[in-house]
Structure formats: structure tokens, C-alpha cells
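See structure below.
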Amino acid sequence: MSFSPLMAIGTQFLVLPAGAVELAMGSHVAFGGSAMINPALIQAPPGGPVLSFDTGYWLGDIRISNFHLNQRIGKSTVRFLIRYAGLTDLEFRENKPLDDPQAFFPAFGLTLETGFSYPIAAGQVGFSVRTLYMAIYDQYSTGVSLDIGYTKLFRFGWNAGISFLNLGKLSNMSLKAPELPMRLLAGVSNSMVGDRFQNMVCFTGEWAFLPQTWQFSFGNNFRWNQFHILTGTSFTDQTSFVSIGTGLQLGRYGVFYAIRFSSQTIGIPHTISMSVRLP
């Protein structure tokens, strides 16, 4: 039997876009980016907690689901998150030709995470700690990892951020332990605000340690009253994509949808995100 599906999910589920805004704009670490990419961006309005839910599909029909709760506590903001990505209909076959598979089995990754951000004199810092569980067929691996991040607001709408993600270790799966996809990201953003609109432009560069490759991402979030139009593009030395999205933020309720088109012809990722601020 082949375990190649593990390479399609494996620890790489930790780098998949977590919600519609990130899918549309790309992975950005400055203000306007994603708290999943930089824990210093974990935010919540004063008052009740914010509940959010993301669901969609990645390349190869990998199902993605996330549930998170953000709560302001004093000057800091705390987040609790459950993240899932997986396939449920992988075929079990022996090393000989068969018309039908002998069985079906899942391959998935699951995390339970907690994080917080806190303002300091020189900006804002954030940390996230997660426990991980990965499984395929009759093999599994568990472990812990850490994300750290920093962001700072400058004059004239400029912001900067940096983060180091997926520092940790996993237990052995079969003969060896899976490697975590460590990532180092740095970027800037700029916000222009008018009477009824706001436009946020983001740029981020990334170095990935598994596999060793670089990536550059550009994103734009244009808001007119409560209506958002999101666009993004990203490229490496081997792949590229463009993405679009839209959303509405009506008082305490929000809903966003995004879709991505890439040079990899193995599916079209799309995600819907919903959020509500509780009283």
C-alpha cells in the first residue's frame, strides 16, 4: 500500500489558508493580514467575544474547517481555535491490480490552539501554542508547536509585521517523525481612509523551510461602507495564483467568501467564513 496521500496533507495542513480573507488576499503579517499568520494580529472589539467559523475546500478536495473564539481581556486579546483538514475517501489497495478498493480510510490533521496578543511600547506582540494530531490509515503522530509574531503601526497608515511559525516537534509516525513546516514571514501594509471607504494594501515575503522555497504575496482589501472586495496574488519559483473574494460586515455579523485560481490544475480552493460578536 502507498502512503503518498500523507504528503498531500501531512503537516502541510498548517500552511493552508484559514479563512476567506486569507484565501482571497494571501498570507500577510502586517495589519490587514491574518491572525493565523501573525498572532500579534489577534483582535477582538471591547465587550462580548467574537465567534467565527470557516469551511471550504483546498486543492485535491481537502476539506478545511476552523472554529475560533476571540475575547478581549484587559489590554490583551485571547483566542481559542480548533483547526481541521483532511480527506475521508482514500482507497486501500494491495500491490496488485484490483477493480475495487478493499476499503476506504481517512487522512487528516487536527489542532487545538490558544494564543494571545498584547500591546507593548514598541508595537504589539503575539504568541500561539497548539497541540497537533495527525493520522493516516493505522498510523498517527502527536506533538506541539509555537507561533510568535510582532507588528507595529507607523505614521501615514503604514504598518509592518514579522512572524516565525510552526516551531515544535511531533512524535514518530511509523519509522520517523513528520517535520513541521516552519515559516518566516515579514511584510508591510498601507491603509488609506476616506469618508465612506477604506483601502488596505498588503505585501509579504516568506521563506519556507519545508520545502525550502520563497514566496511573495500581494493583497488588497477595499471596503465601501460595510461591503468588502478582496483580491490577491502570490508566486514562487514554481507556482502562482490569483484570488478574489467579497464580504459584508453588518454590525455584529460578518460573512465572507473567496475563491482561488492557481497554476496547479488539481482543484479550485474556495472558503466561506462567518462571524458573530456575542453580547
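The values are calculated or read from the model by the stated rules, or taken from the named source; none is laboratory data. Keep in mind it's a predicted model, so treat the numbers as computed, not measured. Glycine also receives a Cβ, built like all others from the backbone with ideal geometry; neighbour counts cover every protein chain displayed. These accessible areas exclude ligands, DNA and RNA; they are computed on the full protein's heavy atoms, side chains included. Shrake-Rupley method; radii C 1.70, N 1.55, O 1.52, S 1.80 Å.
Listing for the model above:
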quantity: In the stretch 39-79, the residues that are touching a Pro at 6+ places or on another chain (Cβ under 9 Å) and aromatic (F, W, Y); calculated: Y57, W58
quantity: Selection from the stretch 57-69 of residues that are on the phi < 0 side of the Ramachandran plot and out of contact with any Phe, Trp or Tyr (no Cβ under 8 Å at 6 or more places or on another chain); calculated: Y57, W58, L59
quantity: Residue list for the stretch 263-279, restricted to those being in a strand (DSSP E or B) and open to solvent by less than 50 Å² (accessible area, probe 1.4 Å); calculated: T271, S273, S275, V276
quantity: Per-region count, the stretch 160-174, residues closer than 17 Å to L210 by Cα, in contact with a helix residue (DSSP H, G or I) (Cβ under 9 Å, 6 or more places away or on another chain) and modelled with pLDDT of 95 or more; calculated: 3
quantity: Count of the stretch 155-214 residues which are part of a strand (DSSP E or B) and not aliphatic (A, V, I, L, M); calculated: 27
quantity: Selection within the stretch 215-262 - among the basic types (K, R) and outside any strand (DSSP E or B); calculated: R252
quantity: Hits in the stretch 189-218 (condition: among the hydrophobic types (A, V, I, L, M, F, W, C) and open to solvent by 60 Å² or more (accessible area, probe 1.4 Å)); calculated: M192, V193, F197, V201, F203, W207, F209, W214, F216, F218
quantity: Conditions (1) open to solvent by 50 Å² or more (accessible area, probe 1.4 Å); (2) touching a Ser or Thr at 6+ places or on another chain (Cβ under 8 Å); number of the one not met by G232; calculated: (1)
quantity: For G109: the one exception among (1) at pLDDT 95 or above; (2) surrounded by 15 or more Cβ atoms within 10 Å (Cβ to Cβ); (3) within 16 Å of the chain's Cα centre (by Cα); (4) more than 22 Å from M200 (Cα to Cα); calculated: (1)
quantity: Residue that is of a type outside the set (D, E, K, R), modelled with pLDDT under 95 and either assigned to a strand (DSSP E or B) or surrounded by 13 or more Cβ atoms within 10 Å (Cβ to Cβ) (or both), where the choices are L69, L98, L90; calculated: L90
quantity: Residues of the stretch 20-43 satisfying the condition of being open to solvent by less than 10 Å² (accessible area, probe 1.4 Å) and either modelled with pLDDT under 95 or on the phi > 0 side of the Ramachandran plot (or both); calculated: G26
